[in-house]
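Visitor: Here you go, one structure.
Each reported figure results from applying straightforward, stated rules to the coordinates on display, with no laboratory input. Please read all numbers here as calculations on a predicted model, not as lab measurements. All Cβ positions, glycine included, derive from the backbone under ideal geometry; neighbour counts span all protein chains shown.
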Amino acid sequence: MAFLFVLTVGLIAGTISGIVGTGSSIMLMPVLVYAYGPKEAVPIMAVASVMANFSRILAWWREVDWRACAAYSVTGIPAAALGARTLLALPSHAVDLTIGIFLIVMVPVRHWLARHDLKANLWHLAIGGAVIGYLTGIVVSTGPLSVPLFLFYGLSKGAFLATEAASSLGLYFAKSVTFERFGALTGEVFVKGLIAGASLMSGAFIAKRFVLHLKPEVFRLLMDAIMIAAGLSMLWNAAQP
């Protein structure tokens, strides 16, 4: 039952994230924690995130802004590896608590960013890549931060989805390699990540037809609800003995 639940939520999460550009990790992580525990769920989600981002690149290949991707990734990839190493030193309850608080706090932070007409260039992407990359290594998803950064750079719709996915792909790959290097990504965990990732990939292709029709206000409400619900779920897990 847990296996089917993961696949079902993964398909839904992949579809939603394929529409709004983020959210798959936020939705799927509590389910993985419930099914496998926090220490195993984090590397599983890292593998699944690699696959999810790769599917969005395939769906929007011609739209990728490779200059923006390179600027973000050159600092973000090593920072993500460092963050992942930091995560492995944390106890399981601390992982749940950190992720839960981060998701909830990002709701008002995202609204604050949206109220300011900020513009980003390649240097801003490089700086943001370092900061967000390190946080990506520690928490499950930093989409609430990376999404506005690429939007401020001037990307939208297919170009935004493809470029954000291409940039995040390197970060999650570095995170996965770090987990494997330090023994957290075993063969069994990798297979579970592939299964979860397959459902996310399927959802990404389903989502493509809906991208042009999503209203901005629906996106904002949807992301707020997902983040708060997932954050509360992680805090609940942290409170369990």
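Visitor: For the ranges 56-66, 123-133, 71-81, what's the packing order if you count other beta-carbon atoms within 10 Å of each residue, average per peptide, and put the highest first?
Guide: My ranking of the peptides, most packed first, is 71-81, 123-133, 56-66.
Visitor: VAL74 to ILE101: extension gain in nm, 0.36 nm per residue of separation minus the Cα-Cα distance?
Guide: Working: separation 27, 0.36 × 27 = 9.72 nm, distance 2.80 nm.
Contour length minus the Cα-Cα distance gives 6.9 nm.
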